[in-house]
Amino acid sequence: MENVITYQTAKHSHTKLYPRSLIVVIILFSLIYTDLFSKGGYVDEAVGLLSYAVLAFYWAKIKTEDLITLGLLGGVTLLGLIANVVFDINTSIFSILIDVLAQTKLIVTFYAVHLFLNQKEKKAVLDILLPIAQAYILAAAFFALISQVADIGMATDQRYGFPVYHFIFSFNHHYTTVSFLMFGVILFSNRLSAIHKRFFCIVGLLAILAAVKSPAIMFSAIFLFLTFYFRRYNKISIGIILPMAAAIYFLGSYQIDEYFRSSDAPRRLFLQYSIVDANAHFPLGSGFGTFGSAEAAKHYSPLYYEYGFNNRWGLSPSYGMFLYDTYWPAILGQFGWVGFVGYISVYARMFLRINKTKTTAPEKAFLYAVFFQYMIHAIGAAILSTSTGLIGIIGLALFSEPDPELEKKKKRHKIKITF
């Protein structure tokens, strides 16, 4: 017998509250609370540990294709641990284990959510979040509009002539990630009429675009383009990928100029020295907690003295605000060329898992847009090893593979990637 609680949400409509659904909702709001008040701590690491426990408990139920992906992740992790032993750069076992969790938690959580929740429980999560998502989108859009003409403390700096909007969050990327989640809840809900869903999506896109930074712009551009594209075509070819990549590069040119083109830019230095690091410790990399990660920053890695970071603005022991502001360079430096290819393979397999979702054109476009903006965002930010990224990855797990019974009345698009 199913253990559920039923309550009235709308006329002739009920929502079933499953205990597991409530657990996931509580986890999501714990992560959002952490981002909202910048409390730090180890909430995301705790979620990662819980996800490992879920994988261990449901090990026999994991699909073969997912076992291969997790096996690849395990192989890269082993390379990193061997590097820690061989090169002895980070000697703290606790620091190494924390970094293992930081670098793997998003991937492990994605697969754990799929195992922990069945399709009805996923739907229940969306039903619980729907009224919150509607209120959030309306409030975000309302204050975004006000922020264009008055300083109400919800925007900073200027970009393209517009204030950089962050709503009630301390940082812009916290706002965009939570906005992607709420936008997705509305888009994937089966409780809204087409006209109401269209209204909230338009308002939501405007609220997201008010952030005027690359993640928000890339998401919106990819989502709109692919929504129209998938309504006409059912596969993506290399002829579409290349122009789309060029357009994404153009849209992100402001951030590329700011982050990478200056020879003294911290992110460029990390990218440059990740290659140096991978070559110097070939083929293993320098190991966990040694380069580009939060643990490397916290304990100020000996490599940073070797590479002269201690004399660089924003990278020194006394003022290191940019020491933990990268992801892919950290992967290359810590795990070497072999590990770097391994991580790319893991995320590629995750994308193929998401791509199997049979759903409508806008929903498929949303999954693509969120996934790709994170992959690109991770070049210049540590988004894929933070609590913020964890919110987004839980969202992707909730939205992918919808219940086939709930999708019967939707227009289906079977999308394949061809080269």
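The values are calculated or read from the model by the stated rules, or taken from the named source; none is laboratory data. Nothing here was measured: the structure is a model prediction, and the numbers come from that model. Glycine gets a Cβ as well: all are built from the backbone with ideal geometry, and neighbour counts include every protein chain shown. The protein model used for the area step is the full one, side chains on, heavy atoms only, and it has no ligands, DNA or RNA in it. Shrake-Rupley method; radii C 1.70, N 1.55, O 1.52, S 1.80 Å.
Which count do you get for residues in region 364-381 that are of a type in the set (A, V, I, L, M) and either under 8 Å from the mean Cα position of the chain (by Cα) or open to solvent by 10 Å² or more (accessible area, probe 1.4 Å) (or both)?
Final tally of qualifying residues: 5.
On the given criteria, is Tyr319 open to solvent by 30 Å² or more (accessible area, probe 1.4 Å) and either in a helix (DSSP H, G or I) or at pLDDT 90 or above (or both)?
Judged against the criteria, Tyr319 is not a match.
Pairs needed: first member in region 274-302, over 19 Å from Met321 (Cβ atoms) and among the β-branched types (Val, Ile, Thr); second member anywhere, open to solvent by 10 Å² or more (accessible area, probe 1.4 Å) and in a loop (DSSP other than H, G, I, E, B); C-beta distance under 9 Å; at least 6 residues apart or different chains.
What qualifies is Val276/Tyr307; Thr290/Ile89; Thr290/Asn90; Thr290/His281.
Does region 104-115 include one or more residues that are of a type outside the set (Asp, Glu), part of a helix (DSSP H, G or I) and open to solvent by 30 Å² or more (accessible area, probe 1.4 Å)?
Looking for residues that are of a type outside the set (Asp, Glu), part of a helix (DSSP H, G or I) and open to solvent by 30 Å² or more (accessible area, probe 1.4 Å), one finds at least one in region 104-115, hence yes.
Taking into account only those residues within region 327-336 that are part of a helix (DSSP H, G or I) and within 17 Å of Leu73 (Cβ to Cβ), which is farthest from the chain's Cα centre (by Cα)?
Gly336
Look through region 45-94, keep the residues that are outside any helix (DSSP H, G or I) and among the charged types (D, E, K, R), and return whichever of them is nearest to Trp337 (Cα to Cα).
Going through the qualifying residues, I end up with Asp88.
Within region 206-220, does at least one residue satisfy the condition of being open to solvent by less than 40 Å² (accessible area, probe 1.4 Å), more than 17 Å from Ala140 (Cβ to Cβ) and touching a helix residue (DSSP H, G or I) at 6+ places or on another chain (Cβ under 7 Å)?
Yes.
Could you tell me which residue of region 382-419 is farthest from Ala245 (Cα to Cα), considering only residues that are at pLDDT 85 or above and in a loop (DSSP other than H, G, I, E, B)?
Checked region 382-419; the qualifying residue farthest from Ala245 (Cα to Cα) is Thr386.
Of all residues in region 368-381, which are assigned to a helix (DSSP H, G or I) and among the hydrophobic types (A, V, I, L, M, F, W, C)?
Matches in region 368-381: Ala369, Val370, Phe371, Phe372, Met375, Ile376.
Tell me whether region 165-176 contains one or more residues that are of a type in the set (Val, Ile, Thr) and surrounded by fewer than 22 Cβ atoms within 10 Å (Cβ to Cβ).
Checked region 165-176: at least one residue is of a type in the set (Val, Ile, Thr) and surrounded by fewer than 22 Cβ atoms within 10 Å (Cβ to Cβ).
Go through Tyr343, Tyr305, Tyr324 for me and flag whichever is in a helix (DSSP H, G or I), out of contact with any Leu (no Cβ under 7 Å at 6 or more places or on another chain) and closer than 20 Å to Met375 by Cβ.
Tyr343
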